[in-house]
1. Which residues, taken from the range 255-296, are assigned to a loop (DSSP other than H, G, I, E, B) and farther than 12 Å from LEU237 by Cβ?
2. Of VAL22, VAL31, which residue is out of contact with any helix residue (DSSP H, G or I) (no Cβ under 8 Å at 6 or more places or on another chain), over 17 Å from ASP61 (Cα atoms) and either of a type in the set (A, V, I, L, M) or surrounded by fewer than 23 Cβ atoms within 10 Å (Cβ to Cβ) (or both)?
3. Scanning for something in a helix (DSSP H, G or I) and among the aromatic types (Phe, Trp, Tyr), does the range 175-187 turn up at least one residue?
4. Yes or no: the range 109-122 includes at least one residue that is more than 26 Å from GLU10 (Cβ to Cβ), in contact (Cβ under 8 Å) with a residue 60 or more places away in the chain and hydrophobic (A, V, I, L, M, F, W, C).
5. Could you tell me whether ALA62 is modelled with pLDDT of 90 or more, surrounded by fewer than 16 Cβ atoms within 10 Å (Cβ to Cβ), under 27 Å from the mean Cα position of the chain (by Cα) and not assigned by TED's automatic domain parsing to the domain that holds PHE162?
6. What is the number of the single condition among (1) within 18 Å of ILE150 (Cβ to Cβ); (2) more than 22 Å from the chain's Cα centre (by Cα); (3) crowded, with 17+ Cβ neighbours inside 10 Å that GLN94 does not meet?
7. Contact list please: Cβ distance under 8 Å, first residue in the range 209-227 and at positive phi and outside any loop (DSSP other than H, G, I, E, B), second residue basic (Lys, Arg) and modelled with pLDDT of 95 or more, pairs at least six apart or on different chains.
8. Would you mind finding the one in THR120, THR139, THR191 that is within 27 Å of GLN52 (Cβ to Cβ), polar (S, T, N, Q) and either in the same structural domain as ALA219 (by TED's automatic domain parsing) or over 24 Å from the mean Cα position of the chain (by Cα) (or both)?
Amino acid sequence: MNQTTTPAIEVTRLSKAYGDKVVLDGIDLSVPRGTIFSLLGPNGAGKTTTVQILSTLIRADAGEARVAGHDVRAAAQSVRAAIGVTGQFSAVDQLITGEENLALMADLHHLPRAEGRRVTAELLARFDLVQAAKKPAATYSGGMRRRLDIAMTLIGSPHVIFLDEPTTGLDPRSRHAVWGIVRELVAGGVTVFLTTQYLEEADQLADRVAVLNGGRIVAEGTPDELKRLVPGGHVRLRFLDPAELDRAARVLDLGLRDDEALTLQVPGDGGVHTLRALLDVLDAHGVAVDSLTVHTPDLDDVFFAVTGRPEHEKVQSR
């Protein structure tokens, strides 16, 4: 297998425990080069532990892992030279300026002085930080600090970047800005391993998604493949009066009705042909529909289907 077809990340039977608590229970992963792979899971599922093992910060108890073609245990230094890591908590030094943070990272990568200045200037421009370059990082907004954090990760031109919950705590505008940065990185050939608790983020960005729960991978595939695993797509029809609701229920002879809300929930995949056929039947019987909404399973549905809903939601739904 040549270098272009070798996966950027290969994990086989990876295990990790802390005392009696098993965090990873023999997981397998394969991440193609130049893609975005997202690892989802509830708090404590082992997402950060996985990132720490793959980035050589801690050792697994068992199993094998290769990153950028290098064994994380036998060739840890080679792995470190090929990766960048942006953790949950910013690595930015808030007492110095954004420009100084980047220059410091360039020194740590042993870049020649002129090369370090060039790369710093390029990254400040790329991440829209030129105006704030000479201001202390403590004055930056959360989104600016996260952009600076990712820029620092790119100093060494990594082939693989680990983003561990990179948008936690950011407002929607800043989150979308980070998404744009991630897409640009992958367009340039970088592989991104993303952990997140925002299911919309995985849906928007990831080529493939794996759900980690109880130390095991319980579902994996493209976002669309995972959504097809979960039933529950439906069309919710709303009516102006109870008589129209009664007529629709008799005509269709299926669905879940809500007399208080004057709605009828009918199973359906939300496709154009399905909607047209449904409305044609109602129209043929003179049933007037005030409005409709379509629900198709999303990654939230997948997540709860394979990991279970929190206890407080179970109680509310009874």
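The values are calculated or read from the model by the stated rules, or taken from the named source; none is laboratory data. Here the structure is a predicted model, which means the values were calculated and not measured. Reconstructed Cβ throughout: ideal geometry from the backbone, glycine too, with neighbour counts over all protein chains shown.
1. If the condition is that a residue be assigned to a loop (DSSP other than H, G, I, E, B) and farther than 12 Å from LEU237 by Cβ, then ASP259, GLU260, ASP269, GLY270, GLY271, HIS285, GLY286, THR296 are the ones that fit.
2. VAL31
3. The answer is yes, given that some residue of the range 175-187 is in a helix (DSSP H, G or I) and among the aromatic types (Phe, Trp, Tyr).
4. No, because not a single residue in the range 109-122 is more than 26 Å from GLU10 (Cβ to Cβ), in contact (Cβ under 8 Å) with a residue 60 or more places away in the chain and hydrophobic (A, V, I, L, M, F, W, C).
5. Answer is no for this residue.
6. (3)
7. These pairs meet every condition: GLY221/ARG208.
8. On the way: THR120 fails: within 27 Å of GLN52 (Cβ to Cβ); THR139 fails: within 27 Å of GLN52 (Cβ to Cβ).
Result: THR191 is the single residue among THR120, THR139, THR191 that is within 27 Å of GLN52 (Cβ to Cβ), polar (S, T, N, Q) and either in the same structural domain as ALA219 (by TED's automatic domain parsing) or over 24 Å from the mean Cα position of the chain (by Cα) (or both).
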